[in-house]
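Encoded as structure tokens, the structure appears first; notes follow it.
The values are calculated or read from the model by the stated rules, or taken from the named source; none is laboratory data. In this text, all values refer to a predicted model and were calculated from it rather than measured experimentally. Cβ coordinates were reconstructed from backbone atoms using ideal geometry, including for glycine residues, and neighbour counts include every protein chain displayed.
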Amino acid sequence: MSSSSSSTSPSTLIDLTAPYTLHPLLSSIPLSEPDSDAIIHITTVEHWNGNLYIGTSAGELLHYVSIPGDAPGELTWIIASRLQPPYSIVQEAEDEGVKQILLLPDAGKACVLCNATLSFYTLPELSPAFGGKIKQAGCTWVGGLDLNEVEGEQQGKGSGTAIVICLRLRLRLIRIGDEARKIRDIELGGVRALARRGNLACVADGSSYSLLDVVNEAKIDLFPISSNSEVRQLPERTRASLELLSGAQHGHSRSVSGSSPIRLGRHERNVSLGAELKSKDSSSPWPARTSSQTKTSPAISPSRVRSPAKVETIAGASPEPAVEVPAARPLLPHIASPTGTEFLLTTGTKANDPGVGMFVNLDGDVVRGTIEFTTYPRSLVFDGGDVEAADATGVDGSHEGYALALVQRCFDGASVSAVEIQRWDVGPSEAHQSRAWIRIEDAETSAGISGVGLRKVKTSVELTMSSTSHMLRSRRLHLHPRDAQVSDAETKRNDEEDVFASRFAHVQAAIILFSASQVQWVVRSTIASRLDARLEQATNASSERISIDVKAVRMVLNDIRGEDARSELEFVTFTYIRQKASLLLFCSVLLTTASDTIAYETDKCAASEALVEGEIDPRILLSLMVSLSVEVQEGTEGIWTPQGLRDTVYLLRQATEPESQSQHTRGPYGDNLLQVLKRYLLHWRAKKGFGSVADEVAVFQTVDAALLHILLLLDQHSPRGPATLNSIRAELNDVVDKGVDCFPRAVELFRSFRRLHLLSRLYQSRKLTPQVLETWQQILEGAHDAGGEMIEGEQDMRRYLSKIRDRDLVTKYGTWLAQRNPKLGVQVFADEHGRVKFSHQDTVALLREKAPSAVKEYLEHLVFARHKAEYGSELLYYYLTAVLAALEASPDLKETLHDNYETYRALDPPKPTYTQFFADNSSVEHSDFMSNRTRLLQLLSSADPADADLSSLRAKLGPHADLLVPETIVLHALTGDHDTALQLLTHMLGDYDTAISYCLHASPAYLFSPRPLNSASLTPPPHSTQSSLFTLLLHHFLALPLPARLDRSSELLERFGGFFELEAVLEEVDGDWSVRLLGPFLVGKLRGLVSEGREVGLQRQLWGARELRVSYEAGEKIREVGAVVVRDVGQTGEEGAVDVEAHG
């Protein structure tokens, strides 16, 4: 017979979110003969090193061994033997059949308790040990291994293993090794359970718990098993010997770890362990013991491996009393020791009432909180926690301590057996909240209550839980799965991912659940499967719609928030769970949007935070949205994600019906989805350059394209114009300015949304100067720019042209701008700080060719800003041509000029100059004419007669001399015809102040120009020139009609009399002039003569005083030097010798 673990299917309803799950081991075990109608169930199970031992209620022991199965990690179990341990009387209730299988691997032995008879076998084949002669009848329980040695893996090292046999009237400590040795007896009967740490044991008899010192034989009573019963009163002799006295000492105390002073002798007969020794002349070392039997042993099938059917007892030994079976099923005591300093004991009232687990320390004091059970447990197993470390079990999370209890629980109105799972190492409230159940469907119907049990076996096994590896292994996410074809490269990658994820499928199992005729492993679920199951429960999907429990998803995230991964599996799991939870929260917002509802702000914030925390590939989210899925770039290898995440994406795609999604950005679509995605994509953009991003080229191309698309959608309804602070448009500009990886797609998006200015910013970020200028040119020429951000486009172009170094581009777009806006365009060529320099001659030639309308503006810049007088003549002709053209084109302008002249001449002095009058009385419609004429007069007044073509100017001005009187006057002044110029000023124009100014400066620059361009004109003329000009002006004033003649002449003589000779004036003035008119002039001249005479006398006196001072200073100098006498000393014979003597 063989059975494969993979072919079994447990008949249980498993809560996938529970910390434990069931894994099939064996099912349909042949507990009885094929033709038998007996109802037989499993009573106990044990496992050790690939050997499975199953005890049945029929008193049989089945031995299975495992062999590798066909699939990797799969085991096939085959039966190796089937035997019946010996017993005397068939027991009932809990003691029926094989009650216990105690394995002692260090001793190579197995203890089997069957129908109150203990027998010994060798491991692993279960051959009778000690020759099959050592057995113990009347045994109620066996065990009592020192848990300190078991956990420290020091059990039985070199000296055998000490165990405790519970008899009806006493406890017997023996050591099992190569032989069985008795250590001692303790007079304490009726013990049904025992747990020992060192010399201290916690025991339970039929009614209560107590602490027992197995060396000093001292006891502390604790509390009853059932609150309905009283503590059993021990016989007086037993109480006297076991009563714990404060400070009592036993003189012969010894530890059970030492060797027993009593050695069992070898004999051929079956003996009872611990019987009294016979007298010295007896041939047997053990006295005979009798026992009463209530039932006879059943017949043994010849096909089964036979064991001795009876236990021979030694005559004279007192028999153990028979067990009295109560009418009501009593509560079974449970003792566990989850930590090195604590025992856990269960208590309750009735089997179907709630039970309580209480912790006591080694002093018997109650510690910790209690553990509550739905009903009083029939089996109780502790797993993980303080004692068992993670590396001992190999299961992630084994640092968490769990209590697994077999209880009755009501499901759908029916009470059924279930495995209740809860934490024991936390507070009661947290333990209560974390409780979970595994329902066992056929436990009651097939075998009754006694046919279900939990056991923690001797050695664990490594199982393969493919669900975890399937969930975490990477698989390619296809954007169109229906049309997807699996390539060879994808198949190869799948195989590699399977190998990588297979390491997460291995778990350790050491707990077995048996019910009816099947055996299953109770496996601690991986944290990945538990958390994923919780997320699956939060997702209610159907063929028509899907709903997501946002609160449940957020609770999952909160449970792992702040948790540090302690293993590779936890790291991968936390990453996967965070990503899946964030995906579900995002899809919750997506579903809300699909229903045309604005999502709660808390839900949107929760989704945003979860996305940032989970770091899910943004391409996965975008694939769920029709309008944005086009931005997804799969790269060369595609999008790879955990299979659990991929399956969820496929499910959500089908349930959300993306074709029906509204894309109105002013509704839920924009407020819910686009805002959440925008924040998440901005977060991902900040990750650029990080080496931890897989397939970063495709990822960031997708991120940038989707982000631009979203921002463009959100910015569609923004007001036209530049971006304001913290606006969507400001974010969009910032993204573009910092550069994007999806350049071709960005160009396509901006053109499709008609955002030309953004396109130019994109080109600027890539330093594509030609495209920038071309785009600006399109905008300025009228191409539609939806954003309307280019307010001063021409100024922007001018500034940009001054910053670039490409001469050809500056020439091309500078001339284009100059032709469009001459005043602004010439600044490109005139900018002293520009990167490209142009000579004035080249610029003028270039503008004449490409932008003729801008030549005048550039010449104005040269002449008026740079003071390049050599370009004045050319500019003058531009102004003259413009003025003449205006006169010829506008008869109204001619009439206006005539009226201005007449009006000005009619004004009574004092009156403004004609230049000021003309500026004040010019109409707006003739502003260009006024500006050109003003510039013409300025240039004409400052022209150099040697350079200017005066004849040509005179020829052009001649036909319009009556309209352009100031220009004609300046032209006469340039030719030196001062008389004509003054005549026109006084008689034709009537501008007397300008005439006087002309006489003072003797230059045309001061006629009608406030700012002379020629620096030479700033030099004042000689006095003689001024006198001659004033004489000419007086002559023309005297020719004026009355009364202007007298007023202007007398005023001129009074103000500027110093420039006139008295005789000449008297000759010019008529004899009929009154003295009143000439009085001021004459007085001035006389005063001048007197002043001049006084000045001459004063000068003479000053010169005389100066001569006296010089003579005085010379005399003082001579006096200081003194006289010098020079003698001729020629008598000495030396020719030319001189003797000099100074006298002071």
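Scan region 113-140 for residues that are in contact with a Lys or Arg (Cβ under 9 Å, 6 or more places away or on another chain) and on the phi < 0 side of the Ramachandran plot and the total you get is 15.
Checking every residue in region 86-97 against the condition of being surrounded by 19 or more Cβ atoms within 10 Å (Cβ to Cβ) and in contact with a Phe, Trp or Tyr (Cβ under 7 Å, 6 or more places away or on another chain) gives zero matches. Residues of region 741-797 being of a type in the set (F, W, Y) and over 36 Å from the mean Cα position of the chain (by Cα), which ones? W776, the sole residue that qualifies. Restricted to helices (runs of 4 or more DSSP H) entirely inside region 457-573, those with at least 3 residues that are among the polar types (S, T, N, Q) are 466-472. Of the strands (runs of 3 or more DSSP E) lying entirely inside region 141-210, those containing at least 2 residues that are under 20 Å from S119 (Cα atoms) and either in contact with a Cys (Cβ under 8 Å, 6 or more places away or on another chain) or aliphatic (A, V, I, L, M) (or both) span 161-167, 171-176, 180-186, 193-197. Being assigned to a helix (DSSP H, G or I), modelled with pLDDT of 85 or more and under 30 Å from R933 (Cβ atoms): is that true of L1052 here? For L1052, the condition - assigned to a helix (DSSP H, G or I), modelled with pLDDT of 85 or more and under 30 Å from R933 (Cβ atoms) - is not met. When the test is whether a residue is in contact with a Gly (Cβ under 9 Å, 6 or more places away or on another chain), touching a residue at least 60 places away in the same chain (Cβ under 8 Å) and in a helix (DSSP H, G or I), V863 passes it. Exactly one residue among I804, I791 is surrounded by 15 or more Cβ atoms within 10 Å (Cβ to Cβ) and assigned to a loop (DSSP other than H, G, I, E, B), and that residue is I804. Comparison of G357, G364 shows that the only residue that is touching a Ser or Thr at 6+ places or on another chain (Cβ under 7 Å) and either modelled with pLDDT under 95 or farther than 20 Å from G190 by Cβ (or both) is G357.
Among the residues making up region 482-531, those that are within 34 Å of the chain's Cα centre (by Cα), over 30 Å from G385 (Cβ atoms) and surrounded by 13 or more Cβ atoms within 10 Å (Cβ to Cβ) are A484, E490, R493, N494, E497, D498, F500. Among the residues that make up region 454-477, is at least one of them surrounded by fewer than 16 Cβ atoms within 10 Å (Cβ to Cβ) and either without any contact (Cβ under 8 Å) to a residue 12 or more places away in the chain or over 30 Å from S623 (Cβ atoms) (or both)? Yes, some residue in region 454-477 is surrounded by fewer than 16 Cβ atoms within 10 Å (Cβ to Cβ) and either without any contact (Cβ under 8 Å) to a residue 12 or more places away in the chain or over 30 Å from S623 (Cβ atoms) (or both).
When L950, L893 are checked against the criterion of being of a type in the set (A, V, I, L, M), at pLDDT below 85 and farther than 14 Å from P966 by Cβ, a single residue qualifies: L950.
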